[in-house]
Amino acid sequence: LPTGGGKSVCYQIPALALGGLTLVITPLVSLMEDQVRRAREAGLQAAFLGSAQEASERRSITDAARTGCLDVLFVAPERITLPPFVRLLAECDVRLLAVDEAHCISQWGHDFRPSYRWIGRLRPWLACPVLALTATATPAVRDDVRLNLRMIDPELVVQSFDRPNLAWRVECCDAREDRMRRLHRVIQSHPGTAIVYAATRRGVEEARDALARFGQRTEAYHAGLSGPARTRVLHSFLANDCRIVVATNAFGMGIDKPDVRLVAHVQLPTTLEAYYQEAGRAGRDGAEATCVAFYHGGDRRMGLLFLDRAHPPARLLRRVHRALLRKRDSFGVVETTACRLSSDLDGKPSREDVPLVLAALERTGAIRTLPVAEALRTGTERGQAVSQHVRLGVRSRADLAWANELRRSALQKLDAVERYARGRSCRRGALLGYFGEASPPQCRACDRCRPH
């Protein structure tokens, strides 16, 4: 279903009707907090489990799930790899397994999370239906999700990607200062709530500071902020105390803020799936809203940097795999830290990039992430669970053909973004065509159909 299409209702109503426990797997802590709030507003007993919680709070939540005092429990996919949590599920009356942002399962998806691939392994432990929900699944992603979740003849519901209330624009600009001036003018001309997306934490801070110099009161949101700081920004945004939030893509996924009138991207994301999902947070109330992306010819270089991190070149994967082979014990297991592994390889990859390289290796089958003690794990958000301590099963051979195929696919997606930015045809038609859907010759709303 498209953004704002009611995906949360698809597990909330069954949770009310089925009784027992509905387990919802979802990717981000910020998303869980909002989902819990909305579930409680609907009359459900809901909670989430996160590593940032105190141990006593986690015990209270697991006791409530075990004794039937919870209707809905939200967890990150990393948690289902922990044996204590799998044992907890065996003691709970789980009536429905719901997978939110299900495109994260697929290696063809724009937001792939390797830990999502573990969800299918839960199926033999849970005698219940499974529901997968996403706003941006191409046919290839849908097939991959179905196979991974071991669905047999599933009911498939696909609504139109078209959002006729959204006006799509791309503004070509020169230097960063020009980009910030244009952003300020766009925000001035669009009263109401606005989300501004930047590609990096540094980009978020720079855009926030630039808008502040223009006299705009803004808040910044990215993973470098503390949990309480992110929660404060989120609550301020939802309560309309803050009109403009500048954020990385961690902000907004699944957040039900219906009256966003403007979504602006300082740079286009590396895939049209990601752009459509983020921009689609505008106008969820059905009223007119605007989606603006700023584009510079040099933006492709940043896109290639992101691509190199998500899909490292084969030579780097081969180098890391050889280092792991040297470190493995007689059982083929390596226990190390990201910092130590980076140091052994003279800082290439960097400590921050080690989790991404390991994820790429795991996609090839060369390694497998093994559970580590709860005390050694840090965080539930993307990459954090392996950032400090890793325990890996290492195979003797690494077939990198799959890694090369994924890198080729990512390059094609990046090319599609550039074609969208530079294209002369209807923006709405270009987006719908990318998702395999026909559109009218002119939308009469984008900057190509209404240049003025």
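Could you grab me the full set of residues in region 89-107 that are in a helix (DSSP H, G or I) and closer than 12 Å to Leu23 by Cα? Within region 89-107, Leu89 is the sole residue that qualifies. Of all residues in region 153-193, those that are farther than 16 Å from Gly297 by Cα, part of a loop (DSSP other than H, G, I, E, B) and open to solvent by less than 80 Å² (accessible area, probe 1.4 Å) total 10.
When residues in region 194-216 are screened for being more than 27 Å from Thr270 (Cβ to Cβ) and assigned to a helix (DSSP H, G or I), 2 of them pass.
Considering region 289-322, and only residues there that are in contact with a strand residue (DSSP E or B) (Cβ under 9 Å, 6 or more places away or on another chain) and small (Gly, Ala, Ser), the residue that is nearest to Arg444 (Cα to Cα) turns out to be Ala289. Taken over region 217-241, residues that are assigned to a loop (DSSP other than H, G, I, E, B), farther than 17 Å from Asp34 by Cα and touching a helix residue (DSSP H, G or I) at 6+ places or on another chain (Cβ under 6 Å) amount to 1.
No other residue among Gly379, Gly365, Gly436, Gly429 is at pLDDT below 85 and either in contact with a Cys (Cβ under 6 Å, 6 or more places away or on another chain) or surrounded by 18 or more Cβ atoms within 10 Å (Cβ to Cβ) (or both) apart from Gly379. Filtering Arg37, Arg95 for residues that are of a type in the set (Lys, Arg) and surrounded by fewer than 17 Cβ atoms within 10 Å (Cβ to Cβ) leaves a single hit, Arg37. Hey, among the residues in region 326-362 that are under 13 Å from Arg391 (Cβ atoms), within 25 Å of the chain's Cα centre (by Cα) and among the hydrophobic types (A, V, I, L, M, F, W, C), which one's modelled with the highest pLDDT? Among those that are under 13 Å from Arg391 (Cβ atoms), within 25 Å of the chain's Cα centre (by Cα) and among the hydrophobic types (A, V, I, L, M, F, W, C), it is Leu358.
How about region 208-231: which of its residues are small (Gly, Ala, Ser) and touching a Ser or Thr at 6+ places or on another chain (Cβ under 8 Å)?
Step one: list which residues in region 208-231 are small (Gly, Ala, Ser), which gives 210, 212, 215, 220, 223-224, 226-227, 229.
Matches in region 208-231: Ala212, Ala223.
With the structure loaded, tell me whether Arg261 is among the charged types (D, E, K, R) and in contact (Cβ under 8 Å) with a residue 60 or more places away in the chain or whether it fails that test. It is true that Arg261 is among the charged types (D, E, K, R) and in contact (Cβ under 8 Å) with a residue 60 or more places away in the chain.
Scanning region 108-133 for residues that are in a loop (DSSP other than H, G, I, E, B), open to solvent by less than 30 Å² (accessible area, probe 1.4 Å), within 28 Å of Ala199 (Cβ to Cβ) and modelled with pLDDT under 90 returns Gly109, Asp111, Arg113. In summary, no helices (runs of 4 or more DSSP H) completely within region 8-87 bear 3 or more residues that are farther than 23 Å from Ala135 by Cβ and in contact (Cβ under 8 Å) with a residue 40 or more places away in the chain. Could you please give the count of residues in region 387-421 that are touching a residue at least 60 places away in the same chain (Cβ under 8 Å), open to solvent by less than 60 Å² (accessible area, probe 1.4 Å) and out of contact with any Leu (no Cβ under 8 Å at 6 or more places or on another chain)? Of the residues in that region, 3 qualify.
Let's see how each residue does on (1) farther than 25 Å from Asp111 by Cβ; (2) of a type in the set (Val, Ile, Thr); (3) in contact (Cβ under 8 Å) with a residue 60 or more places away in the chain:
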position: Tyr276; (1), (2), (3): no, no, yes
position: Gly286; (1), (2), (3): yes, no, yes
position: Val292; (1), (2), (3): no, yes, yes
position: Tyr295; (1), (2), (3): no, no, yes
position: Leu316; (1), (2), (3): no, no, no
position: Ala323; (1), (2), (3): yes, no, no
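In region 422-447, which residues are touching a helix residue (DSSP H, G or I) at 6+ places or on another chain (Cβ under 8 Å) and in contact (Cβ under 8 Å) with a residue 40 or more places away in the chain? Those that are touching a helix residue (DSSP H, G or I) at 6+ places or on another chain (Cβ under 8 Å) and in contact (Cβ under 8 Å) with a residue 40 or more places away in the chain: Arg427, Leu431, Tyr434, Phe435, Gly436, Ser439, Cys443, Ala445, Cys446, Asp447. Checked against the criterion of being modelled with pLDDT of 85 or more and in contact with a Pro (Cβ under 6 Å, 6 or more places away or on another chain), region 31-48 has no qualifying residue. A single member of Ser439, Ser409 is out of contact with any strand residue (DSSP E or B) (no Cβ under 7 Å at 6 or more places or on another chain), polar (S, T, N, Q) and not in a helix (DSSP H, G or I), and it is Ser439.
The values are calculated or read from the model by the stated rules, or taken from the named source; none is laboratory data. All figures in this text were calculated on a predicted structure; none of them were measured in a lab. Quick reminder, even Gly has a Cβ in these numbers, built from the backbone with ideal geometry, and neighbours come from all protein chains shown. Just the protein is used for accessible areas: all its heavy atoms, side chains included, with ligands, DNA and RNA removed. Shrake-Rupley method; radii C 1.70, N 1.55, O 1.52, S 1.80 Å.
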